[in-house]
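Step one of this worksheet: look at the structure below.
The values are calculated or read from the model by the stated rules, or taken from the named source; none is laboratory data. Just so it is clear, the model here is predicted, and its values are computed rather than measured. Positions of Cβ are backbone-derived with ideal geometry, glycine not excepted, and every protein chain shown enters the neighbour counts.
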Amino acid sequence: MVMYSPGKTTSYPDEPIDSGLRYHFLGGGSEVGNVGLILEGPSGNRLLIDYGLAPTDPPRYPDEAPKITDTIVTHSHIDHIGMVPWLVGAHRSRLHATHVTVALSELMWNDCHKVSRIEGYPLPWDKRDLDEALNSWTAHSFGEWNKHGNWKWRLHSAGHIPGAAMIEIDTGQRKVLISGDFDTRNSPLVNGATPVQIDTLFVEGTYGGREHPDKSEEKQRFLNKVREIVDRGGTALIPAFANGRGQDVLLELHSTMPELNVHYDGMGKTITKHYLNNPEYLRDSEALEKAFKWVKRVSSKSDKKKALDADVIVSTSGMLDGGPSIWYLNRLRHDPKNAILFMGYQAKGSGGRRLQEEGRVEIFGNLTPIDLEWDSFDFSTHAGHADIVEFAEACGAKDVVVYHTDPNQARPPLVEALEKNGHTVHQPKNGESYVLQ
Ligand SMILES: [Zn+2]
Ligand SMILES: [Zn+2]
């Protein structure tokens, strides 16, 4: 049970600092997701960046946040936004993010609340906190400067998903950039992030030590596989995350194979509407609008049954943990002409990982053998190893803090490469304070 007792259970120190900039990861310092980062200057000026949870089984929660007046949220993925309602209930924190992130917050929080109830996991915030949080937002555009005490801050596009932001903070003594989840490469939905001239870079290291395959080759391999499944009379089931990945897949399919019969199910439909309401955050809003009109949106039980004859079904959950994708899998699993195409990494303990490793998936409580062909494609929108190193260099960062990373596999090779390039590299642990001088 995550029981926070405001002011009593936090790992954050009481003492102010005399000089420099203190940073402290409540979570996400040495793990992927579960992010909460406090920055504080000598005047006591303090900001919280993100407050998420890791949707693992069971979920991981960040340490309790200390008293906070203002929180900036980089983007609407649950590992960055999931715990934010608690900040409003406990500390009346004001919340800041881009318009898309603000628009998606209600949906993401409601989903988080629903999942915690279904799975029987506790959340330290309730629906009343959620409602208050919705009234605590200020939406910001990229590039617009804001004041916080004697600091200035603004948001920059991070790539990754629509509305995802990097945060630049100017303390007067030091310029800092926090990458959030970022990608310097363009995706179908968003343009890649560009460097910002700063002194200190907090950078996500999800893909430390790993490179993505060439984007256009990977896309071609995916399209060829879809074509092969359709040509043999099968249906390709594509489990994809609702917030970003699913829409990337739709855009690729629509632009190359508009003759296909593609059905779209799950929360991604509503998320797409929010994207389209905020076209300035999209690389090509017209393309998304066309793809969204083209795809057959599933909204009823009879739509679901019709979708079973589709060429392609794109649906949540992205890791075969419940949701409509399980309903489809249960019906498609008997015909070997069908196949499952994963669009990204399947986390440990997820249904997708189990299918890949054991050939079985839990369907409505029963562990069920699945004999279908499956394949996996890299549609990630996190920067790869070389992109991260290049980005740090292009930002002119003297200090680099590597977070949102696996501390054993991903971080060591990234630290080595960054140090070789002359940066002073920091490897934070959760729950510990560090001061940059
Ligand atoms: Zn993340
Ligand atoms: Zn993300």
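Before moving on, here are some points about what is shown:
- Test set (1) surrounded by 15 or more Cβ atoms within 10 Å (Cβ to Cβ); (2) modelled with pLDDT under 95 - residue 119 fails condition number: (1)
- Scope the range 370-384; condition part of a loop (DSSP other than H, G, I, E, B) and either surrounded by fewer than 16 Cβ atoms within 10 Å (Cβ to Cβ) or within 16 Å of ligand 1 (Cβ to nearest atom) (or both); matching residues: 371, 379, 380, 381, 382, 383
To keep it simple, each residue is scored yes or no on (1) outside the structural domain of residue 159 (by TED's automatic domain parsing); (2) within 16 Å of ligand 2 (Cβ to nearest atom); (3) closer than 22 Å to residue 164 by Cβ; (4) β-branched (Val, Ile, Thr).
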site: 385; (1), (2), (3), (4): no, no, yes, no
site: 392; (1), (2), (3), (4): no, no, yes, no
site: 403; (1), (2), (3), (4): no, yes, yes, no
site: 409; (1), (2), (3), (4): no, no, no, no
site: 413; (1), (2), (3), (4): no, no, no, no
site: 417; (1), (2), (3), (4): no, no, no, no
site: 421; (1), (2), (3), (4): no, no, no, no
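- Boolean, residue 19 is away from ligand 1 (no atom under 16 Å from the Cβ) and either more than 17 Å from residue 87 (Cα to Cα) or more than 27 Å from the chain's Cα centre (by Cα) (or both): yes
- Residues that are among the basic types (Lys, Arg) and away from ligand 1 (no atom under 15 Å from the Cβ) within the range 49-82 comprise just one, 67.
- Pair list, Cβ < 6 Å and 6+ apart or interchain, from the range 202-215 residues that are closer than 21 Å to residue 435 by Cα and hydrophobic (A, V, I, L, M, F, W, C) to residues that are within 16 Å of ligand 2 (Cβ to nearest atom) and part of a loop (DSSP other than H, G, I, E, B): 203/179
- For the range 409-419, the criterion of being part of a loop (DSSP other than H, G, I, E, B) and of a type in the set (Lys, Arg) is met by none of the residues.
- The residues in the range 88-103 that are in a helix (DSSP H, G or I) and of a type in the set (Ser, Thr, Tyr) can be counted, and the count is 1.
- Restricting the range 385-408 to residues that are aliphatic (A, V, I, L, M) and in a strand (DSSP E or B), the residue that is nearest to ligand 1 (Cβ to nearest atom): 402
- Unique residue being over 22 Å from the mean Cα position of the chain (by Cα) and either surrounded by fewer than 23 Cβ atoms within 10 Å (Cβ to Cβ) or among the hydrophobic types (A, V, I, L, M, F, W, C) (or both) when the list is 285, 300: 300
- Residue count, the range 332-360 (criterion: crowded, with 16+ Cβ neighbours inside 10 Å and either of a type in the set (D, E, K, R) or over 24 Å from the mean Cα position of the chain (by Cα) (or both)): 6
- Sub-7 Å Cβ pairs linking a first residue in the range 399-415 that is touching a residue at least 60 places away in the same chain (Cβ under 8 Å) and surrounded by fewer than 24 Cβ atoms within 10 Å (Cβ to Cβ) to a second residue that is hydroxyl-bearing (Ser, Thr, Tyr) and part of a loop (DSSP other than H, G, I, E, B), at least 6 apart or interchain, are 407/30; 410/206; 411/405, ordered by first then second residue.
Rundown of residues vs (1) under 18 Å from residue 113 (Cα atoms); (2) at pLDDT 95 or above; (3) outside any loop (DSSP other than H, G, I, E, B), yes/no style:
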| position | (1), (2), (3) |
| --- | --- |
| 29 | no, yes, no |
| 38 | no, yes, yes |
| 47 | no, yes, yes |
| 57 | yes, no, no |
| 62 | yes, yes, no |
| 68 | no, yes, no |
| 86 | yes, yes, yes |
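- Of everything in the range 41-79 that is touching a Phe, Trp or Tyr at 6+ places or on another chain (Cβ under 7 Å) and among the polar types (S, T, N, Q), the residue that is nearest to residue 353 (Cα to Cα) is 71.
- Taken as a whole, the condition of being touching a strand residue (DSSP E or B) at 6+ places or on another chain (Cβ under 8 Å), within 16 Å of ligand 1 (Cβ to nearest atom), of a type in the set (Val, Ile, Thr) and outside the structural domain of residue 269 (by TED's automatic domain parsing) does not apply to residue 198.
- If you go through the range 60-111 and keep only what is within 16 Å of ligand 2 (Cβ to nearest atom), out of contact with any strand residue (DSSP E or B) (no Cβ under 8 Å at 6 or more places or on another chain) and closer than 11 Å to residue 130 by Cα, you end up with 107, 108, 109.
- Within the range 83-110, the set of residues being within 16 Å of residue 53 (Cα to Cα) and within 16 Å of ligand 1 (Cβ to nearest atom) comprises 83, 84, 105, 108.
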